[in-house]
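Undergrad: My questions all concern the structure below.
The values are calculated or read from the model by the stated rules, or taken from the named source; none is laboratory data. Because the structure is a prediction, the values reported are computed rather than measured. Reconstructed Cβ throughout: ideal geometry from the backbone, glycine too, with neighbour counts over all protein chains shown.
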Amino acid sequence: MMQRFEIQDGWLDLIPDFLTPDESAEILNHCIYQLPLEQGKIKLFGKEHFIPRLESFLSENGKDYGYSGKRLTTHPFDQPILNLKDRIEKATGHSFNSVLINFYRDGKDSNGWHADNEPELGYDPTIASLSLGATRRFDLQHVSSGNKLSLDLINGSLLIMGGALQRHWKHRIPKQLRVKEGRINLTFRYID
């Protein structure tokens, strides 16, 4: 059952049981063992650092994507991820042509405060975020008001972010050192 979160300057829809535990395990294993996951580097304050997670970027049309001055290697969709994309499109009513996959190996891996507001995503992008594996906390903070919202994203849950959310909110996956299991997150997006 879908839950709608009407928030200042945007909206969130959460489907906690989008995938069954068996479906989630199958796709989680596919992502970890069949997709080209890489640990990239990012430059912060003039110094290069390893990104605290593994990533893979898949695109239907070969268009590339990057953030914080780095471009990701683009790979084509394979059939399991294409099937998943089609299923998410049917459930959400939105079209997607690419997916950024993040593998958080345990609670030490994280993703700092950011917005998915790169120009190639469009003015007010809709992003569908599928969580597989360990439950992780997803924090949001409004840029001007400072309002906060935290959600625990469980195995098989689908979070859809839309409206003006990416222009007005930042989000993150913080470190959670008690989490010992891995988590895969697939963020489906449309790139012009």
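Undergrad: Give me a count of the residues in the stretch 75-89 that are outside any loop (DSSP other than H, G, I, E, B) and either in contact (Cβ under 8 Å) with a residue 24 or more places away in the chain or charged (D, E, K, R) (or both).
TA: 9
Undergrad: Of all residues in the stretch 153-186, how many are within 14 Å of the chain's Cα centre (by Cα) and surrounded by fewer than 19 Cβ atoms within 10 Å (Cβ to Cβ)?
TA: The qualifying residues number 5.
Undergrad: Check Gly133, Gly146, Gly112, Gly69 and return the single one that is small (Gly, Ala, Ser) and touching a Gly at 6+ places or on another chain (Cβ under 8 Å). Steps first, answer last, please.
TA: Working: Gly146 fails: touching a Gly at 6+ places or on another chain (Cβ under 8 Å); Gly112 fails: touching a Gly at 6+ places or on another chain (Cβ under 8 Å); Gly69 fails: touching a Gly at 6+ places or on another chain (Cβ under 8 Å).
Sole residue among the options that is small (Gly, Ala, Ser) and touching a Gly at 6+ places or on another chain (Cβ under 8 Å): Gly133.
Undergrad: Name every residue in the stretch 1-33 that is part of a helix (DSSP H, G or I) and exposed (fewer than 12 other Cβ atoms within 10 Å of the Cβ), in order of residue number.
TA: Across the stretch 1-33, the qualifying residues are Pro21, Asp22, Tyr33.
Residues checked against (1) among the small types (Gly, Ala, Ser); (2) farther than 21 Å from Ser157 by Cα:
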site	(1), (2)
Gln3	no, no
Asp17	no, no
Asp22	no, no
Ala25	yes, no
Ile32	no, no
Glu38	no, yes
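Undergrad: State which residue pairs qualify: first residue among the small types (Gly, Ala, Ser) and in a strand (DSSP E or B) and inside the stretch 147-168, second residue surrounded by fewer than 20 Cβ atoms within 10 Å (Cβ to Cβ) and at pLDDT 95 or above in any location, beta carbons under 6 Å apart, and separation of 6 or more residues or different chains.
TA: Short answer, once both residue conditions are applied: Ser150/Arg137; Ser150/Asp139; Gly162/Trp11.
Undergrad: Could you grab me the full set of residues in the stretch 26-41 that are free of Cβ contacts under 8 Å to residues at least 60 places away in the same chain and more than 20 Å from Ile191 (Cβ to Cβ)?
TA: Filtering the stretch 26-41 for residues free of Cβ contacts under 8 Å to residues at least 60 places away in the same chain gives 26, 29-30, 33-34, 36, 38-41.
Selection gives Glu26, Asn29, His30, Tyr33, Gln34, Gln39, Lys41.
Undergrad: Restricting attention to the stretch 90-124, which residues are buried (at least 16 other Cβ atoms within 10 Å of the Cβ) and not in a loop (DSSP other than H, G, I, E, B)?
TA: Answer for the stretch 90-124, where residues must be buried (at least 16 other Cβ atoms within 10 Å of the Cβ) and not in a loop (DSSP other than H, G, I, E, B): Thr92, Ser98, Val99, Leu100, Ile101, Asn102, Phe103, Tyr104, Asn111, Leu121.
Undergrad: Quick one: in the stretch 104-146, of everything that is out of contact with any Phe, Trp or Tyr (no Cβ under 9 Å at 6 or more places or on another chain) and of a type in the set (Asp, Glu), which residue is farthest from Arg172 (Cα to Cα)?
TA: Among those residues, the one meeting the criterion is Asp124.
Undergrad: Another one. Please work out if Val143 is touching a residue at least 60 places away in the same chain (Cβ under 8 Å), over 14 Å from Asn102 (Cα atoms) and of a type outside the set (Phe, Trp, Tyr).
TA: Against the criterion (touching a residue at least 60 places away in the same chain (Cβ under 8 Å), over 14 Å from Asn102 (Cα atoms) and of a type outside the set (Phe, Trp, Tyr)), Val143 does not qualify.
Undergrad: Quick check, is Gly62 on the phi > 0 side of the Ramachandran plot, not in a helix (DSSP H, G or I) and not acidic (Asp, Glu)?
TA: In short, yes.
Undergrad: If Ile51 satisfies all but one of (1) within 24 Å of Ala164 (Cα to Cα); (2) without any contact (Cβ under 8 Å) to a residue 40 or more places away in the chain; (3) among the hydrophobic types (A, V, I, L, M, F, W, C), what's the number of the condition it fails?
TA: Result: Ile51 fails condition (1) only.
Undergrad: Give the number of residues within the stretch 40-66 that are exposed (fewer than 14 other Cβ atoms within 10 Å of the Cβ) and within 16 Å of the chain's Cα centre (by Cα).
TA: So the answer is 1.
Undergrad: Within the set of pairs 6 or more residues apart or between chains, which connect a residue that is hydrophobic (A, V, I, L, M, F, W, C) inside the stretch 170-185 to a residue that is surrounded by fewer than 18 Cβ atoms within 10 Å (Cβ to Cβ) and not in a strand (DSSP E or B) with Cβ atoms less than 8 Å apart?
TA: Once the first residue is hydrophobic (A, V, I, L, M, F, W, C) and sits in the stretch 170-185, its partners that are surrounded by fewer than 18 Cβ atoms within 10 Å (Cβ to Cβ) and not in a strand (DSSP E or B) give Ile173/Ser110; Leu177/Lys108; Val179/Asp106; Val179/Thr135; Ile184/Ile32.
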